[in-house]
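Notes follow the structure.
Bear in mind that the values in this text are calculations on the coordinates, not laboratory data. This structure is a prediction, so every number in the text was calculated from the model and none was measured. Glycine gets a Cβ as well: all are built from the backbone with ideal geometry, and neighbour counts include every protein chain shown.
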Amino acid sequence: MHGTNNKLLHKSNIEFTEATVWFEVDLCLINVKQNGDLMNKNDMITKRQDRLKFYAFCGIIAPIFFWFMVIVESLLRPGYSQYYNYVSDLGVGHLAILQNINFFVFGILTIGLAIGLRKGLPSPQGRALKWTIWFVIIFALGVFFAGVFPESFLSANPHNIVSSTAFVAVIAAQLLIWQGLKNKDSTIWGRYRTYSLISGLLSLILVILLKVAILYGIYPGLSQRAFLLVSWIWIGVTGLKLYIISQNQRPIMN
């Protein structure tokens, strides 16, 4: 009887040990799966960060490269006036290819920024934010085609159409992003939202002054540069904002 009890007890211990081992194996498998899931999520976050950084750099570089090229080209043009000549005048005549390529590069980089906005703006993206992205794309295409249709093409009519479209689009984008971020996290978007409103209103005022300057011949080149500078800076600041957001995306800790 005593021997039988020992056998039963020994058998129970073996079964308990086996159950414990399998339980620990299950725990290990669960931990491995969880760690694998975390690694996959962290990889996705890292890739998303890298993509957003790339598109952010597109927005940061675009206005810097554009104005660097404009300054260099204007210095290479004897008699070119910053006060009376338009930026587009550099796309005609001596070394015109440089400015037309400048338009192309700026347009392509700004499309990259628009893709970054699609990925970096907070969700859900309402109608205003969606239209913001589309207007940035329209703006980019307008600048791009300003290089395709220089002022010398068909009496500058196509050039004026795409340029005017770009001007309207960038103003609309600034005001729409202000509206679209109204109910978003103010600690992240508050100052940028206020800046976009100020920049958009200032751009609107400056484009009106540009029309007056063109009409009366009062420093039209300088007036155009004032408008372009404000709008182009907004592009760069938006790229910088996206870069900051990409830096703040943290991996998931175990």
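Cα-Cα over 28 Å: which of 53/211; 47/184; 47/130; 53/184; 53/182? If you can, show how the numbers build up before the last one.
Details: 53/211 37 Å; 47/184 25 Å; 47/130 23 Å; 53/184 22 Å; 53/182 24 Å.
From the list (53/211; 47/184; 47/130; 53/184; 53/182), the Cα-Cα distance tops 28 Å for 53/211.
Where Lys and Arg each count +1 and Asp and Glu each count -1, what net charge lies around residue 203 among other residues with Cβ under 15 Å from its Cβ?
Numbers: positive: 211, 225; negative: none.
Local net charge: +2.
With a Förster radius of 22 Å, plug the Cβ-Cβ distance of residue 164 and residue 54 into 1/(1 + (r/R0)^6) and report the FRET value to the nearest 0.05. It would help to have the intermediate numbers written out before the result.
Numbers: r = 31 Å, r/R0 = 1.40.
The computed FRET efficiency comes out at 0.10.
Looking at the range 102-149, what % of the alpha carbon pairs are farther apart than 13 Å? Walk me through the numbers on the way to the answer.
Values: 593 of 1128 pairs.
Roughly 53 percent, once rounded to a whole number.
Starting at the first residue of the range 52-58, write each ³J(HN,Hα) from the Karplus equation 6.51 cos²θ - 1.76 cosθ + 1.60 with θ = phi - 60°, in whole Hz, x for Gly and Pro.
3J(HN,Hα) across the range 52-58, in whole Hz: 5, 4, 4, 5, 5, 5, 4.
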